[in-house]
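Only one structure is covered here, and it is reproduced in the block below.
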Amino acid sequence: MSEVVNVRDLGSQGMVTLRGDMSSKAFKAACKALSELAIPDRNKITEADGKGIVWMSPDEVLLLLPHADAAAAVAQFAAAMGAEHHLAVNVSDARALIAVEGPFAAEVLAKLTPADVHPAQFGPGDFRRTRLGQVAAAIWCVAPGSYRVICFRSVADYTLNLLSASAEAGPVRHF
Amino acid sequence: MSTRLSTAGRLIDTAKPIKFSFNGKTLQGYAGDTLASALLANDQLLVGRSFKYHRPRGVVAAGAEEPNGLVNLGSNGTFEPNQRITTTELFDGLSATSQNHWPSLEFDVGSINTHLARFLPAGFYYKMFIHPRPLWKHVYEPFIRQSAGLGKAPKDRDADTYEHFNCTVDVLVIGGGIAGLAAAAEAGRTGARVLLIEQTAAWGGRAVVDQPTIDGQTAADWVTTTLAGLAAMENVDIRTRTMGAGVYDHGYVLAYERLRDHAPKASGPRHRLWRIRARQIVTATGAIERPLSFAGNDLPGVLLASAVRDYAVNFGVGIGDRTVIATNNDDAYRTALALHDAGLQVPVILDARAKGGGELADQARAKGIRVENGKAIASVKGGKRVTGVSVCLQAGQGAVLEEISCDCVAMSGGWSPVVHLWSHCGGKLTWDEAQAMFRPNNDRPPTGADGEAMVIAAGTANGHLYTAEAIADGWSAGRAAAHAAGFTAKPEAIPDGSDVPELPLTPVWMMPQGAGYDLRSKSWLDFQNDVKVSDVQLAAQEGFESVEHAKRYTTLGMATDQGKLSNINGLATLSGALNIPIPSVGTTTFRPPYTPISMGAIAGVARDDLFQPIRKTPISGWHESNRADFEPVGQWRRPYAFVHKGESVHDAVKREVTNTRTNVGLLDASTLGKILVKGPDAGRFLDMLYTNMMSNLAVGKCRYGLMCSENGFLMDDGVVARIDDDTWLCHTTTGGADRIHAWMEDWLQCEWWDWKVYTANLTEQFAQIAVVGPKARQVLEKMGGMDVSKEALPFMQWADGTIGGFDARVFRISFSGELSYEIAVPASQGRAFWDALLSAGAEFGMMPYGTECLHVLRAEKGFIMIGDETDGTVIPQDLNLGWAISKKKDDYLGKRAQERSHMADPNRWKLVGLETLDGSVIPDGAYAVAEGMNPNGQRNTQGRVTSTYFSPTLGKGIAMGLVLHGPDRMGEVIEMTKGDGTYIKARIVDQVFYDKAGEKQDV
């Protein structure tokens, strides 16, 4: 097993913020229509076929989809919600998506986030909004040893460098 | 003399010699040595000088409690002062120098202070500062300056790297002695996530030195077996060289791992700061032996009895050939036995107890060691090392009965549990009369978020000094901690320890009991800071009765060791002087960290490029490769100006201003906050946030607005655009984006939670570029796309469309007074759009401009800038912005505050323009002076400058400022301070210097 954790920018990713009453039929139906996915539980992500839905807060989910589809998704969601109070907005370009992969990837994250990312506690499908170093970030587990990080676009370089430095410093061998 | 014994030490490997240097002298030690044990093996007893009197100082202890053995370690990028030699593991090539002396360790001029001791008593500094006299300058001050600071400050950048690590565990066990091991083993058995940390490199604590029997094995064998069991548990992590530094609220603990202080050539971080969230914490932190207070107890060669034993057993080092032992308890007899076994002489054991010791004393006598009950040390003889002791009765005043020559004194005043970590977060203590110690009050533990106990003290740290009790206490602490964290398992046998029974100690706070002033003034309590028994007594006599006051007055316990050896003896001395019981005196506050941790560990990875996040716009790359002179704006780096070859920054700003006024300029305004506000109640919400009306803004239009805090002060401004029926886009200042978004959410989530409004911070979704200047429209028309004519897109309106093939939202707003389009495109296309604008604009003389040009342009137009014209004390009315305050609205945030008498006071300074008579620029921060002086003898003032620039457009200095009755005094000349005692004359004028009618922006 090579003791290396790779950190790389995954390039453009479509992201749409959807806010509304998540218990409403219209909201659920609109999410389903956009992604074929159910709204996940708190601190969870559901993913399939290049799309995903993330629980962000009690009245907000984040839709993950191909970058080119984001604008149409906003329009489609707005149309489906009709007069029901909601917000749908394309935030694809406001964010960066980073992959952290390797045998001690969880420890690389744990060097930077106060969240409990022990693999026994934070497995595939788990999602957290948290901080990495000095910036806000969201992280989720795709598979054991494979994680995704979303941060704001303006701090993408900082976050990449931060993760890379933490990866280069090697494993802690705690998890 | 101090030397290596023929008997091998437990921890050293004599097959692996190691070379190191001390004060330039090359010495040899072995793998497993600490720097202290290696120095002692080389007869280097003298290791430093004390802080105040520059007294010769030798090693006293063998662990973290050591007050004296502090050295400068390493050189250049690895130089570090104040490194404790007892916790510094020896490595090949280690280089140490002693500190706090001049010119040399052996001969130190500062030691003359010891002869001035009579003039340097407790509170000396305070007394001298009150009564300065010529003596101060010529005699005392040089000495104090000499003694300011122990080690040298590092001069080079730290060459090492550091990191943090966060983890969450069910049970954190601090301390790897037998109690901690038992706790971890029992907690681990339940399946709980357990982290066990030990500050030294070795497991087993004191038990492996003294070797009691545990479960029928030696303590060392039991430790080995237990460690193997722990290593086999997947849910348990064990770490040596990791110190529990501090316990904080809600089970947050900082631990300090020294990864390669012992192996500096290894790769990876040097230190790791663990940020642990523990459901339960077990503090099995052991106990520290107390010194005895007798005259000359600070001489090199006087050590704690346990330390003498540690050096002999662990490192095979004998401190002296002849060791006199002074004690008030049975445990110190173990030192006599250990030394005797190592072939060293113990001429006498002076047991201060009238009836002496128990079974261990019998063992000592059986080996032929002389034991004297009821006897004490009257004083220690020697200069830079011990040469002998004079013996007296403990009950007397110190009349010398005999003198005994020796080269080492081992002292034991009993043991104090290490209660630091228990106490950090509120654990209370109780005074144990029988054992003469403060121990954790288990009825008043530190409590967590749920109000339940979060820390359990265990073993000797809990006051259980015997093996049987200590190990059982550790076992039950581990079990209780796991249970409290939600884990249980069927109980197995409690580890069974046993050792020789002991007789109780007799508290001895002064030796001899009736010591006179001459002895008390040579009896040290705090070795590092030079606090003696007589100093604490003087403090009490002078009225410093609180232990916290006495501490600060005498500096007792305020050295780098934080009084680990001196606190209990000091407060017992205070108790005696005040004639009140010890528990009534109480302890000083225990504060983290337990021992000092490196600055590097605190910083972690946050250094150099990662010191702070630098926020970059989509166009930052262009700025970097085009000679931008950057300035920080919040965490953004924005171009201040783009400096052409041969230009000064000032020249560049002038050029950018002129070019923008005559041709066309380009500004990266991406940092501007952009917050989307949507919902049926959005209009109502914005009417509350802004001082003016936003609900009646027509779709497609823009309006400038002001935001105030509840206290009425202006906190942000910007242009709001109505996007559709229930959607507004609020522009904020660059620094305001996150703050104002949080402010909005605060009101929506906490106060107006039933209003139907959603917000989204879209600041980074868009690159926003301002195309500014008389030729701006020509550039956009050349690029092609949407209609940007005055008719299609008039001033203060916005429209969606395409420009040069880019999807764009174009705002006709102006912060410069020129024809201006602020164009937002998706951030991913920002750089391409910028490049396209530059190439289209080339023929029109387009040049990018920076923030200073932006400032000059807005100042020429008299536009305010948040942070210049405002400073948290300014209200919109001060800035003549009454026109932006709605009279129609019942309420807005800040309205009520602005009606209060002081806010409505007509004497508040108000905004005006200022123009110097000679055309020069008023200095930044200048005040307008008024007649006369205030009661402090300072010149009265009647105003101040808020913005001041050289205007390239007008060819002279222009400024804005707040002036008393300013708007009513147009044309009047006032005087502004220049900062050098002279004044500059300025005329009060209208704040709009350029295009007063506003025609240029509306074309």
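Nothing in this text is a laboratory measurement; each read-out follows from the coordinates by a stated rule. No experiment lies behind these values; they were computed from the predicted model shown. Note: ideal-geometry Cβ built from the backbone for every residue, glycine included; neighbour counts use all protein chains shown.
Return the FRET efficiency for the residue pair B:LYS790, B:GLU452: r is the Cβ-Cβ distance, R0 is 51 Å, and the value is rounded to the nearest 0.05.
Details: r = 71 Å, r/R0 = 1.39.
It comes out at approximately 0.10.
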Q | Radius 14 Å from Cβ of B:GLU647, net charge of other residues (Lys, Arg +1; Asp, Glu -1) | A | 0
Q: Kindly list the residues of region B:913-929 that lie in the label zone of B:ASN940, defined by a backbone N under 12 Å from the point 7 Å along the Cα-to-C-beta vector.
A: B:929
Q: Check the straight Cα-Cα distances from B:LYS155 and name the aspartates and glutamates below 20 Å, setting aside those fewer than 8 residues away within the same chain.
A: B:GLU80, B:ASP261, B:ASP608
Q: Could you work out the mean count of beta carbons from other protein chains within 10 Å of each residue's beta carbon in B:265-278?
A: 2
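Starting with the highest mean, order B:247-257, B:782-792, B:9-19 by the number of other Cβ atoms within 10 Å, averaged over the residues of each peptide.
Averaged packing, sorted descending, gives the order B:247-257, B:9-19, B:782-792.
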Q) Separation between the B:SER405 and B:SER920 pseudo-spin-labels, each 7 Å from Cα along Cα→Cβ, expressed in nm? A) 8.3 nm
Q: Can you bin region B:291-413 into rounded, prolate or oblate? Criterion: square roots of the alpha carbon gyration tensor eigenvalues sorted a ≥ b ≥ c, rounded for a/c under 1.5, prolate for a/b above b/c, oblate for the rest.
A: oblate
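What does the net charge come to around B:ASP738 if you take all other residues with beta carbon closer than 13 Å to its beta carbon, with K and R at +1 and D and E at -1? Provide the component values of the computation, followed by the final result.
Numbers: positive: B:ARG615, B:LYS674, B:ARG739; negative: B:ASP716, B:GLU745, B:ASP746, B:GLU764.
Summing Lys and Arg as +1 and Asp and Glu as -1 gives -1.
Past 29 Å, Cα to Cα, is the threshold; run A:LYS32/B:LYS701; B:LYS16/B:LYS265; B:LYS674/B:LYS756; B:LYS428/B:LYS551; A:LYS25/A:LYS51; B:LYS645/B:LYS1000 against it and keep the listed order.
Values: A:LYS32/B:LYS701 36 Å; B:LYS16/B:LYS265 17 Å; B:LYS674/B:LYS756 20 Å; B:LYS428/B:LYS551 20 Å; A:LYS25/A:LYS51 21 Å; B:LYS645/B:LYS1000 32 Å.
Long pairs (Cα-Cα over 29 Å): A:LYS32/B:LYS701; B:LYS645/B:LYS1000.
Quickly rank B:857-870, A:121-134 as a protection proxy: mean count of other C-beta atoms within 10 Å, highest first.
On the way: B:857-870: 20.9, A:121-134: 18.4.
Sorting B:857-870, A:121-134 by mean packing, highest first, produces B:857-870, A:121-134.
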Q: Choose one of A:ALA96, B:MET847, B:SER648: the residue whose Cα lies farthest towards the positive end of the charge dipole of the protein assembly as shown (beta-carbon charges +1 Lys, Arg; -1 Asp, Glu; about the Cα centre).
A: B:SER648
Q. Short version: what are the Cα gyration tensor semi-axes of the protein assembly as shown, square root of 5 times each eigenvalue, largest first, in whole Å?
A. 68, 38, 27
Q | 14 Å beta-carbon shell around B:VAL605, net charge (K/R +1, D/E -1) | A | -1
Q.
Using the basic label-point model (7 angstrom from Cα toward the beta carbon), what is the B:ALA342 to B:HIS650 distance in nanometres?
A. 7.3 nm
Q | Label-reachable residues, region B:927-958, where backbone N falls under 18 Å from a point 7 Å from B:THR662's Cα toward its Cβ | A | B:951-956
Q. How many Cβ atoms of partner chains, on average, are near each residue of B:611-620 if near means within 10 Å of its Cβ?
A. 4
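When the helices in chain B are scored as -39500 (n - 2.57) per DSSP H run of 4 or longer and the sum is shared across all residues, what 222 nm value do you end up with, to the nearest 500 deg cm²/dmol? Spell out each step's value before the answer.
On the way: 25 runs with 214 residues, N = 1003.
Taken over chain B, the calculation gives -6000 deg cm²/dmol.
Quick one: grab the alpha carbon gyration tensor of region B:673-764, order the square roots of its eigenvalues as a ≥ b ≥ c, and give me rounded if a/c is under 1.5, else prolate or oblate depending on whether a/b is larger than b/c.
It comes out rounded by the Cα gyration axes.
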Q.
Between 0 and 90 degrees, rounded to the nearest ten: what's the tilt of helix B:219-231 against the longest Cα principal axis of chain B?
A. 30 degrees
Q.
Once you place label points 7 Å from the Cα toward the Cβ at B:GLU781 and B:THR982, how far apart are they in nm?
A. 5.2 nm
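Determine the dipole magnitude for the protein assembly as shown: charges of +1 sit on the beta-carbon of Lys and Arg, -1 on that of Asp and Glu, nothing else is charged, the reference point is the Cα centre, and the result goes in debye to the nearest 20.
Details: 116 positive and 131 negative charges, 353 e Å.
Once rounded to the nearest 20, the dipole reads 1700 debye.
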Q. Among rounded, prolate and oblate, which fits region B:894-1003 when a ≥ b ≥ c are the square roots of the eigenvalues of its C-alpha gyration tensor, a/c under 1.5 means rounded, and a/b larger than b/c means prolate?
A. oblate
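Expressed in nm to one decimal, what extension gain is obtained for the pair B:ALA231 and B:GLU548 from 0.36 nm per residue of sequence separation less their Cα-Cα distance?
109.7 nm
Counting partner chain Cβ atoms within 10 Å of every residue's Cβ in B:236-245, what's the average? Show your work: numbers first, answer last.
Numbers: counts 0, 4, 0, 3, 0, 0, 0, 0, 0, 0.
Mean partner shielding for this stretch: 1.
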